[in-house]
Each structure stands twice: as structure tokens, then as C-alpha cells.
1. Find out how many positive minus negative residues lie around GLU111, taking Lys and Arg as positive, Asp and Glu as negative, among other residues whose Cβ is under 13 Å from that of GLU111.
2. Pop a pseudo-label 7 angstrom from the Cα along the beta-carbon direction at both VAL154 and LYS281 and give the gap in nm to one decimal.
3. Contact order normalised by length for segment 146-284, with contacts defined as Cα pairs under 8 Å and 6 or more residues apart; what percent is it?
4. Placing +1 at every Lys and Arg Cβ and -1 at every Asp and Glu Cβ, with all other atoms neutral, what dipole size does the chain have around its Cα centre, in debye to the nearest 20?
5. May I ask you to derive the relative contact order of the chain, considering only C-alpha pairs under 8 Å and at least 6 residues apart, and to give it as an integer percent?
6. Taking each full run of DSSP H in the chain as one helix, which ones are at least 30 Å long along their axis (Cα atoms) and have mean Kyte-Doolittle hydropathy of at least 0.5?
7. Can I get the semi-axes of segment 17-283's equivalent ellipsoid? Compute them from the C-alpha gyration tensor as square roots of 5 times the eigenvalues, in angstrom, largest first.
8. Between VAL171 and LEU270, how high is the FRET efficiency from 1/(1 + (r/R0)^6) when r is the Cβ-Cβ distance and R₀ = 30 Å? Nearest 0.05.
Amino acid sequence: MRFPGRAAPPNGSADPGSLALPRVTSRIAAFMAKTLAIADLEVRKLRHDPSELFTRAIQPALWLVVFGQVISRGRVVATGDLPYLDFLVPGILAQSVLFIAIFNGISVIWERDLGIVHKFLASPTPRAALVLGKALAGGARAVTQAVVVVLLAVLLGVHLRWNLGALAGVVVFVVLGAAVFSTFSLIVACLVKTRERFMGVGQVLTMPLFFASNAIYPISMRPGWLQTISRLNPLTYQVDALRHLLLPGVGVVPIGLEVDLGVLATALTLLTAVSARLYPKIVT
């Protein structure tokens, strides 16, 4: 059937519309392949220095073993029927993800000093793929920390949900949260451009992000202005999702996994766009 004003394609030629979808699919596949290549390159660095995993495990261990035990005995934080140590575990897991990811950007400064960034920028790899690859590598580091925190929680007698779907969701939100803060870290690295300034800014940002979230006490305990800040903090949504997925019979009403996922995915998209735009400026 022919429509008026529309010429039939010549014999042997395909309709342009039929070629659009394969082209888009091919570009997406190429983009993902380049992103995973960058991520694999970053993860290989971790294989050469696995001691980083052990040193980073000390801080969450102290929070759970010391802080969690003391506050649990004091019963100073109202968490309903949920024991405070159980309430704390997802927050400390999110904290370890944050502390790993927020300093991920310093690797870009090292790479610039070694001339590696210039080679990346001269390649046909999209800037967004470079950013996402580094973000996914931060997620891989964070997953190893998640395993450490979960094992500590089991040793401390915390009751966790061992449903396979819930554990898969935990991995997704750990990687997603790490990617968000890794891209944010990359933005900071592109702006400050020196290791000394980056470390200073990173240390300034980590604790406000942590304490302004719902990691160690419920949002409802805070004054109104601080509740508003907490709801603007991406870490709040990561903690909420992890708490909902890890703990059976959560006494604290979660925000909702759909909202948590939407907020973190939106934040990652916006931060990736900004990071990709700023990434070439690290060399100037």
C-alpha cells in the first residue's frame, strides 16, 4: 500500500527507518563496551594492591563494633521495634561506599600527572564512557566493602534478609551509590586539579554528607530545616534502599525503592553529564 506523496524506495534499498534501530543499538553496544573496558582497567589496579580493601575495612568495623554497641546499650536513638545495631548496619554500609567513592577522583589527578589522561582524551572513547567506567570501578570496590560489612553484621548477630532478590538489589544500590559519589568526586578533581586541594575538599565533604543523611539516626529526629537537607542528600536514598532490602520487618517506614532508584539514577545522569563536560579541563 502506498501513501500519497510518499515515493516507494528503489529496488534493493532499505527503508531508512528500518536502519535507525540497528544503528542506535550498535552505538549503545559500542558505548557500553568502551565503558566496561575503562572499568576493567581501573579494577585491575585493585588486583595489584588488595591491601586497600583491608585498610578501608577498619573504619566500618570500628563504627559497628564500638559506636553501634555503645549506642545500642544506651538506647538513645528511637528506632521502634528495630534494634539500633540492625538499624545502623545499612547506614555504615552506605558510609563505606561513600568514603571509597568520594576519593575516587584523585586517580584522575595521578593519571594527568603521568600523561594517561592525555592518551584517553586523544582516543575515540566518549567522555561519558570514561566517566562511567571509572564510576563502575568505584562500584566494584564498594561491593567488596559491602561483603566485609555484611560479614561483620553476621558476626555481631544482626538479623539480615538472605533473599536472593534482596541481595541482588543490595549490589545494585551499592554500585549505583558508588557511581553517584564517584562522578561527584571526579567533578571536584576537575575543578581543584591538585592532590592537596582535592584531599582537603574530600575530607570536608564526607562528614557533612554522612551526618546529614539517615545513616545513624532517623530523619524524624531532626529539626525541619535539617530534614529538608537530608531529603536533598543522595546518601539518604541509598541508605533507605539498603535498609529496606537488608533488614526483615523494617520498623522505620522506607521512602520507597522506586523513589530511591529514581533519585540515584537521576543524580548519576546529571553528574555524569557535568563530569563528561569538565573532564578535558583536568589537563588545562
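1. Numbers: positive: LYS45, ARG112, LYS119, LYS134, LYS193, ARG195; negative: GLU42, ASP113.
Combined, the nearby Lys, Arg, Asp and Glu give +4.
2. Distance between the two pseudo-spin positions: 4.6 nm.
3. After rounding, I find 36 percent.
4. Working: 25 positive and 13 negative charges, 151 e Å.
Using only the charged Cβ atoms, the result is roughly 720 debye.
5. Details: 350 pairs, mean separation 71.7, N = 284.
Reported relative contact order: 25 percent.
6. Working: long enough: 16-48 (49 Å, 0.28); 127-155 (43 Å, 1.67); 164-192 (42 Å, 2.53); 257-278 (31 Å, 1.44).
Sorted by number, the helices that extend far enough and score high enough are 127-155, 164-192, 257-278.
7. Ellipsoid semi-axes (Å, largest first): 33, 21, 18.
8. Numbers: r = 23 Å, r/R0 = 0.77.
The pair VAL171/LEU270 has a calculated efficiency of 0.85.
Only the coordinates and a few stated rules stand behind these numbers; no lab work does. This one's a predicted model, so the numbers in the text were calculated from it and none came from an experiment. When we count neighbours, we look across all protein chains shown, and the Cβ atoms used for this are built from the backbone with ideal geometry, even at glycine.
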